[in-house]
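The values are calculated or read from the model by the stated rules, or taken from the named source; none is laboratory data. Being a predicted model, the structure only gives us computed values, none of them experimental. Note: ideal-geometry Cβ built from the backbone for every residue, glycine included; neighbour counts use all protein chains shown.
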Amino acid sequence: MQPSLQRGYLLLAVLIQRGAGQLTAEELAEHSRLLAERLALLSGLDAPEFFDTRLFVRLVESLELEGWLWRDPAGRLMFDERLREAAAELAAAVRPGAAPPAAAGQPPRKRADHVAFRLRCT
């Protein structure tokens, strides 16, 4: 369960940091995959499934189906404050004490906002 939560938080952190209307679903999935791969390498996590692009694509699709995300006429992903609140709750679940991701154009609250979060291998 923890890797799924971590992937979800990574995706939300990337999306919120970039801002609404800035990424397509494909771009979000790819940015999230790259971040997950880098974090896995840095932490020594030997789990290629952690950064499987298909999992990020499915997560975006699920968020769209549930109404958390929608697309503007140009195909860019849009979201509202509800998603920011959900990301803050998810941050607390995957890393207690972590600050929620900073929105585009706002200074990060902690260095963790740049990295999204440190993977913990347990």
Helices (runs of 4 or more DSSP H) (entirely within segment 7-122) containing at least 3 residues that are modelled with pLDDT of 90 or more: 25-43, 53-65, 81-94
Suppose we filter 59, 39, 11 for residues that are within 20 Å of residue 94 (Cα to Cα), in contact (Cβ under 8 Å) with a residue 60 or more places away in the chain and crowded, with 16+ Cβ neighbours inside 10 Å; which single one remains? 39
